[in-house]
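So the structure is just underneath, and the comments pick up after that.
Readers should treat all values here as calculations from the given coordinates under stated rules, not as data from a laboratory. Given the structure is predicted, the values throughout are model-derived calculations rather than measurements. All Cβ positions, glycine included, derive from the backbone under ideal geometry; neighbour counts span all protein chains shown.
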Amino acid sequence: MRLSILALLGLMANVAVTSSFTVLAMPSLLPEPYYLDLPCSSESPAGLQRTLGSISISKPYQENVFDCSNMAGYLQWRLKSQGYDAKICGSMQFQDGENRSGAHAWVAVDLGGVRYYIDSVDPALPIIGPKNKRYNNFNSPERVYSSIYEIEPEYICAFGWWGPGQLDYSLEATRVSSGRQWS
């Protein structure tokens, strides 16, 4: 098994030393390589909506097990691997006038100089554009990550959709079936 420096640092970040023993948290090894290297299939909101229509998140939301951060990590991976400029957004003080407040993670996609948001916990994966009444709720994230590699090691497990007990989704099967090379 080949470990990258980032993966090794991720493992080291998950080691906590107490006065009596060492505790290992859930490993945060990222699958290597992580992203596909594909050109963007469309630079329009309509094209993004078509792409989102082909994506389903098969595991239901379950707080602190498979929640908004795992779903955002997965959706960002799928979109970035399709060539979209997708980012993971997060806020500890998210306010959505519709139904939630507190910590939340979602995805941003930049198309033609305009930023669109996708709330990954909504099974319909609707695009939230500047004219949407919910846009301002999503338009002030505390953190924006262009890549999974930018997430602080202590938080990487929260975005890990690929680990044991998470999505039954094989990176290797995706690579083989697509006939594409990983970046």
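Just flag the chymotrypsin sites (Phe, Trp or Tyr not before Pro) in the range 47-108 sitting in loop per DSSP whose Cβ has no more than 15 other Cβ atoms within 10 Å.
Counting only loop positions with at most 15 other Cβ atoms within 10 Å, the chymotrypsin sites (Phe, Trp or Tyr not before Pro) in the range 47-108 are 61.
Taking a straight line from the alpha carbon of residue 131, these lysines sit under 29 Å away, with near neighbours fewer than eight places off in the same chain left out: 80, 87. Karplus-based coupling profile of the range 136-153, in residue order and whole Hz: 5, 5, 8, 7, 9, x, 6, 9, 9, 10, 6, 8, 4, 6, 7, 6, 4, x, with θ = phi - 60° in 6.51 cos²θ - 1.76 cosθ + 1.60 and x standing for Gly or Pro. Remark: 79, 111 ranked as 111, 79, counting other beta-carbon atoms within 10 Å and listing the fewest first. For the range 129-134, backbone phi angles converted through the Karplus equation (6.51, -1.76, 1.60; θ = phi - 60°) give residue-by-residue couplings of x, x, 8, 6, 5, 8 Hz, Gly and Pro being listed as x.
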